[in-house]
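Scroll down for the structure; my scribbles are underneath it.
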Amino acid sequence: MAGDWAGTVRDELTADVRRVVERLRTLSPAQLAAPAPPHPSRAAGGRAVAQALATAAQGIEDRMSPGEPHWRTLPELADLAVGDQVAVTGHDLLALLLATTFPGDHAVVGVVVAPEETVWAPGARRTAEDVVTDAAAQLAALRRAL
């Protein structure tokens, strides 16, 4: 079910985003500069994951566009800001998986995108599930490398 998919993915992504962000924010400049294969540094790994999360979010946002969007590139901030970039891009993607509205006195959670719905990815359209799963896998790999 689409709602179950979005909720499960959102829970897993939320946990991994939190873990990675906490770890990146507590590393010293020297630790952020240390290698994290396949990335030349932990900070570079964080930037790559932040970009993957942002690209997945943009692909979902622009899913109704008839043509492939012009992909936005994140700015390269100082190493000490990479945790914040992962936090922001992770939050943006999570917000697209489930939207909460507040009609009357009750919060209503609705699915923004179904897993089988096609969205944009660089070079082609893919299912939302594939796009989000790929971004989550990159996040999980970085978590293990940290």
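The values are calculated or read from the model by the stated rules, or taken from the named source; none is laboratory data. These figures come from a predicted structure and were not determined experimentally. Cβ placement follows ideal geometry from the backbone for every residue including glycine, while neighbour counts extend to all protein chains displayed.
Does Ala81 fit the bill of being more than 21 Å from Val132 (Cβ to Cβ), of a type outside the set (S, T, N, Q) and part of a helix (DSSP H, G or I)? Considered against the rule, which asks whether it is more than 21 Å from Val132 (Cβ to Cβ), of a type outside the set (S, T, N, Q) and part of a helix (DSSP H, G or I), Ala81 comes out as yes. If you go through the stretch 27-45 and keep only what is farther than 17 Å from Gln85 by Cα and either polar (S, T, N, Q) or without any contact (Cβ under 8 Å) to a residue 40 or more places away in the chain (or both), you end up with Ala30, Gln31, Ala34, Pro35, Pro38, Pro40. Among residues that are assigned to a helix (DSSP H, G or I), at pLDDT below 95 and either in contact with a Pro (Cβ under 9 Å, 6 or more places away or on another chain) or surrounded by 14 or more Cβ atoms within 10 Å (Cβ to Cβ) (or both), Gly7 is included. The set of residues in the stretch 118-134 being surrounded by 15 or more Cβ atoms within 10 Å (Cβ to Cβ) and either of a type in the set (A, V, I, L, M, F, W, C) or closer than 17 Å to Pro66 by Cβ (or both) consists of Thr118, Val119, Trp120, Ala121, Arg126, Ala128, Val131, Val132.
Of everything in the stretch 58-94 that is of a type in the set (S, T, N, Q) and surrounded by 14 or more Cβ atoms within 10 Å (Cβ to Cβ), the residue that is farthest from Thr118 (Cα to Cα) is Gln85.
Apart from one condition, Leu53 fits all of (1) under 30 Å from Ala114 (Cβ atoms); (2) in a loop (DSSP other than H, G, I, E, B); the exception is (2). Scanning the stretch 60-74 for residues that are under 14 Å from Leu96 (Cα atoms) and either part of a helix (DSSP H, G or I) or polar (S, T, N, Q) (or both) turns up Ile60, Glu61. A single entry from Thr26, Thr14 fulfils the requirement of being over 16 Å from Ala141 (Cβ atoms), under 11 Å from the mean Cα position of the chain (by Cα) and polar (S, T, N, Q): Thr14.
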